[in-house]
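S.K.: Can you keep this structure in mind? I'll have questions shortly.
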Amino acid sequence: MATHLDLEEQEQLDQLKHFWNTYGTLITWVVLLVAGAFVAWNGWQYFQRNKAAQASALYDEVERSAQAGDTARIERALADMKAKFAGTAYAQQAGLLAARSLYDKGNAEGSRAALAWVAENAVDPGYKMVAKLRLAGELLDAKSYDEALKQLSGDVPKEFEALVADRKGDIYLAQGKREEAKAEFQKAWSAFDTRTEYRRLVEIKLNAVGVDPKSLTSQTGAASPAKNTP
C-alpha cells in the first residue's frame, strides 16, 4: 500500500514531467542560444585580437619603410593595410604616416592619395580632420585652391574650427581674396586659446592683411557688457 510520502513524490514527479513537456524544448533552446552566444563572443574577441595584432605588424612595416625612405615599399605596405585592415585605427595612422613620408620624398601625388583615402575612410573624426587639413595644405602648395577649400567644407569638429579657419585664410590669401582671408584669420584668432603658440602666427597673418589683433581684443571687450544687458 502506497504511503502518503510515496503519493507526494509521485505527484511532484508528474508535475515535473508536465512542466518539462510544456517548457523543456524552450529551455533547451535558450541554453543552446546562451552557450552559442558565449562561444561566438569568445571567437569574436579572438578574431579582433588577432586582427589587431596583424594590423599592428603591418603598421610596423609602414613605419620601417618610412624610416628607410623606401617609397615603393611604403605604398605596398599601405595598400596591404587598406585592403586587409581598412577599418582599424592602425590603417588611419599608417595613411597619415605614409603621406608624410611620401611628401618628404617628393612623391606629392602619392601623399595626396594617402591623405584622400584617410579623409574619406577614417572612422575616427579626428584622423579624418587631420587628413583633410594636411591634404588642403598640399593642394594649396599645388595651387589647387578650389580643391583645397573643398576639403575644408562641411561639418567641422569644434576642436578643429580654429585650424580650419586658419587654413582657409591661407587659401583665400593665395587667391588674392584679401577680405575673405581677413575674416577667416579673425575667426581663427578668436577661436584659438590665448595660451596657444599658434595664435601668435595667426597674429602675424592678421597684421599682414592690415588687422591689429589688439583691436579685436578691444571689440570683444566692448561687446561683452552687451551680453549682460537685461
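S.K.: Please list, short to long, the whole-number percent of alpha-carbon pairs of the stretch 144-220 in consecutive 10 angstrom bins beginning at zero.
M.R.: 20, 53, 25, 2
S.K.: Shifting gears a bit: Most exposed first by the Cβ proxy, i.e. fewest other Cβ within 10 Å, how do Ile74, Ile171 rank?
M.R.: Values: Ile74 27, Ile171 24.
By the 10 Å Cβ count, ascending, the order reads Ile171, Ile74.
S.K.: Could you list, bin by bin from short to long, the percent of Cα-Cα pairs of the stretch 54-143 in 10 Å steps?
M.R.: P(r) for the stretch 54-143, in whole percents per bin: 20, 54, 25, 1.
S.K.: Give, in nm to one decimal, the length gained when the segment between Thr22 and Lys84 is fully stretched (0.36 nm per residue of separation minus the Cα-Cα distance).
M.R.: My answer for the length gained is 17.4 nm.
S.K.: With θ taken as phi - 60° and the coefficients 6.51, -1.76 and 1.60, list the Karplus ³J(HN,Hα) couplings across the stretch 194-209 in order, rounded to whole Hz; mark glycine and proline as x.
M.R.: 4, 8, 7, 4, 4, 4, 5, 5, 5, 4, 5, 5, 5, 4, 5, 9
None of the figures in this text is laboratory data; all of them are computed from the coordinates on show. What you see is a predicted model; the values in this text were computed from it and never measured. Cβ coordinates were reconstructed from backbone atoms using ideal geometry, including for glycine residues, and neighbour counts include every protein chain displayed.
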